[in-house]
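First the structure, in the form of structure tokens, and then the observations on it.
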Amino acid sequence: MVWDEKMIKKPLIHYITHPIVMTDCANAILAIGGSPIMAEHHAEVQDITAKAAALVVNLGNITDYRMQAIRLSGQVALEKRLPIVLDLTGIAVSSLRRRFAHDFITMFSPQLVKGNVSEILALLAFTTQANGVDTGDNHLTIEQLMKMRSFCQSHSCTLLLTGEIDVIVDFRGFICLKNGSEKLTQVTGTGCLLSGILGYFLSQVTDLETVDAVVKAVGLLTIASEYADKNSVGLGSFKASLFDYLGNLNPNQIREKLVCFESQIPQDIVMYRKKNCHE
């Protein structure tokens, strides 16, 4: 899949993640034109990050060893000004992961911080109803959205809240994206897979174009899932078809089907979500 002739061909995406999803994440990056490497050995991660176009880190199934690998790679990515994606998997139910996420953001300034609603709320110290790595929250308030925007401003980052309606937040405002098959929630690791796709798209842009890259990445996965759903009979064929569409959709197909709402006003986002998702 080629979005733009100016895009880097086969950018190296260093993705430190857990073994439950490693193969699928690597295959997704390959499908869209990237070159994944999933290294975490302490003796090599700095060398590999130094050669990468982006660093993606995932807190799922976390271990002490992987946390140290993430720190080592984070330092190199910061020094080389590489885009960093931090996936907050599980922080809503784990104080260990929550502390680590806060420390990582403070030390290494990731360009994008991604999680479901419960995970983002936990990051911002709101009480959540999370159940394991699954979100227990769907409702968002004006207060929460304002705090998210302030967080983005103070940490020079963008937030991505995934769910029935995906919400992108930066210091300027909010974007809601409403695409995707429900089957995405029934296959393990599709959120982690999205993080790899985000790393690929962020490797192609400057900081000023982060939101545009996030829209493209989310649009690609969610719209690919809609096509896959229509051409599958169950979860097995859905997953196979999803990878087919990830590698074969073109930008025009994404633009034609993308459902997007944008506003600088938190009240507008609250109202849009109330009308368009099951809160």
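Where a number appears in this text, it was derived from the coordinates with a stated rule and is not lab data. All figures in this text were calculated on a predicted structure; none of them were measured in a lab. A quick note on method: Cβ atoms are made from the backbone with ideal geometry, for glycine too, and the neighbour counts reach across all protein chains shown.
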Cα-based shape type of the range 1-128, given that a ≥ b ≥ c are square roots of the gyration tensor eigenvalues and the cut on a/c is 1.5: prolate
Reach of LYS147 by Cα under 12 Å, taken over aspartates and glutamates that are not fewer than 8 positions away in the same chain: ASP170
Counting DSSP beta bridges in the chain, what percent are antiparallel, to the nearest 5? 40
Which order do peptides 223-232, 139-148, 24-33 fall in by mean Cβ count within 10 Å, highest first? 24-33, 223-232, 139-148
Of the DSSP beta bridges with both residues in the range 33-188, give the percent that are antiparallel, rounding to the nearest 5. 45
Hey, can you rank 9-21, 258-270 by average C-beta count inside 10 Å, highest first? 9-21, 258-270
Please give the Cα centre distance for the range 228-260 versus the range 20-42, rounded to the nearest Å. 20
Check LEU59: other-chain or 5+ apart residues with amide H under 5 Å from its amide H, H built from backbone geometry? ASP87, THR89
Can you give the FRET efficiency to the nearest 0.05 for CYS277 and ASP103, using r as the Cβ-Cβ distance and R₀ = 51 Å? 0.95
Counting residues in the range 12-276 as N, plug N into 2.2 N^0.38 Å and put the Cα Rg over that result. 0.93
Violations at 18 Å Cα threshold for listed pairs LYS114/LYS275; LYS114/LYS216; LYS230/LYS257; LYS9/LYS51; LYS114/LYS183; LYS183/LYS239 -> LYS114/LYS275; LYS114/LYS183
